[in-house]
Amino acid sequence: MLHGTSGHLEAFSRNIVPHVKAGFRCHALDALGHGYTGKPAFDYEIPRYAEHIINYLDAQRIERVHFIGESLGGWISAWIAIHRPERVRSLQLVAAGGTKADPEIMKRIKESTKKAVQTDDRELTRKRLHLLMHDPVNVSEELVDIRHSIYHAPDFVRNIDHLLCLQEMPIRQRNLLRAEDLARIKAPTLIIWGNENPFGGVPEATQMQSNIKGSRLELFAKCGHWPQHEHPDRFNQLSIAFMSAHRAS
């Protein structure tokens, strides 16, 4: 389970227990430079993120996995499915990034995150989380507390520009997943998307589906950028059924 930009494994707090109860061994990771994972002093581009995940799998002696990647996590998961297909059992792309370079959205992500990180104001962290949700009721006080604490750790503040490098156009362009890249994905793929996703409209999801042969698209109504969190019951049911159908893939 791989989270989005400036997030951490709390993105899957409503999903881990149901998946474990369904018989899956779950690994929810803080990506390189995020959460409580190390924050080396270099830009975090997609191959670097993927290397970190592959190294983790090697350290755990895990050969092949089901990837559930949300936003940036979907971008990383898709990259691994393209370049290291032998490590992927199935692929879930949840409001996945990486196929577009929209200057307005990139600016919104960069400015809202930097403001929340560089100003010790809990309400700015809350506003950053509100960007992810269609219904603000899903932004709990616990969620705000955890993220505010991480956002203001000295190493996180120090490395924020490295973390946000994919919001710079030249860097993003060289990391994008283009149609010919997505066409190389052979793993069973489920795309999950919120109809109210503020960081990418439904046409982005349908284009992704058309580029990944045999993939399936599920749209969530009244849902923003975190389908797995805003609609956990439906998400968990879909995810568990999909993974169960591809246990032997």
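Looking across region 217-233 at every residue that is closer than 18 Å to N197 by Cβ and over 18 Å from the mean Cα position of the chain (by Cα), the one that is surrounded by the most Cβ atoms within 10 Å (Cβ to Cβ) is identified as K222. Checked against the criterion of being surrounded by fewer than 19 Cβ atoms within 10 Å (Cβ to Cβ), assigned to a loop (DSSP other than H, G, I, E, B) and in contact with a strand residue (DSSP E or B) (Cβ under 7 Å, 6 or more places away or on another chain), region 189-212 has at least one qualifying residue.
Residues in region 213-244 that are in contact (Cβ under 8 Å) with a residue 40 or more places away in the chain, in a helix (DSSP H, G or I) and not polar (S, T, N, Q): P227, H229, E230, P232, F235, L238, I240, F242, M243. So, in region 117-134, of the ones that are assigned to a loop (DSSP other than H, G, I, E, B) and out of contact with any Cys (no Cβ under 6 Å at 6 or more places or on another chain), which residue ends up farthest from D161 (Cα to Cα)? It comes out as M133. A Cβ distance below 6 Å, combined with a sequence gap of six or more or placement on separate chains, defines the contacts here; from region 146-161, residues that are modelled with pLDDT under 95 reach no residue that is part of a helix (DSSP H, G or I). Exactly one residue out of H52, H66, H34 is closer than 22 Å to N236 by Cα, of a type outside the set (D, E, K, R) and modelled with pLDDT of 95 or more, and it is H66. Do the conditions hold for F242, that is, is it in contact with a strand residue (DSSP E or B) (Cβ under 6 Å, 6 or more places away or on another chain), aromatic (F, W, Y) and closer than 25 Å to L129 by Cβ? No. Within region 89-111, the residues that satisfy the criterion of being surrounded by fewer than 18 Cβ atoms within 10 Å (Cβ to Cβ) and in a helix (DSSP H, G or I) are P103, E104, I105, K107, R108, E111. Considering the conditions (1) farther than 30 Å from A248 by Cα; (2) touching a residue at least 12 places away in the same chain (Cβ under 8 Å); (3) among the aliphatic types (A, V, I, L, M), V137 is excluded by exactly one of them, (2). Among the candidates A41, A28, the residue that is of a type in the set (A, V, I, L, M) and loosely packed, with under 15 Cβ neighbours inside 10 Å is uniquely A41. Within region 135-147, the set of residues being over 19 Å from the mean Cα position of the chain (by Cα) and assigned to a helix (DSSP H, G or I) comprises P136, V137, E141, E142, D145.
Yes or no: region 124-138 includes at least one residue that is surrounded by fewer than 20 Cβ atoms within 10 Å (Cβ to Cβ), of a type in the set (S, T, N, Q) and over 28 Å from R25 (Cα atoms). Looking through region 124-138, none of the residues is surrounded by fewer than 20 Cβ atoms within 10 Å (Cβ to Cβ), of a type in the set (S, T, N, Q) and over 28 Å from R25 (Cα atoms).
Restricting the first member to region 36-49 and to residues that are under 16 Å from G97 (Cβ atoms), and the second to residues that are assigned to a loop (DSSP other than H, G, I, E, B) and among the aromatic types (F, W, Y), the beta-carbon pairs closer than 8 Å and six or more apart or on different chains are R48/F42.
Going through region 68-80 one residue at a time, which ones are surrounded by 24 or more Cβ atoms within 10 Å (Cβ to Cβ) and either in a helix (DSSP H, G or I) or of a type in the set (S, T, N, Q) (or both)? Scanning region 68-80 gives S71, L72, G73, G74, W75, I76, S77, A78, I80.
Restricting attention to region 7-22, the residues that are more than 30 Å from C165 (Cα to Cα) and either aromatic (F, W, Y) or without any contact (Cβ under 8 Å) to a residue 40 or more places away in the chain (or both) add up to 3.
The values are calculated or read from the model by the stated rules, or taken from the named source; none is laboratory data. Remember, it's a predicted structure, so these values are computed and weren't measured experimentally. Every residue, glycine among them, receives a Cβ derived from its backbone with ideal geometry; neighbour counts consider all protein chains shown.
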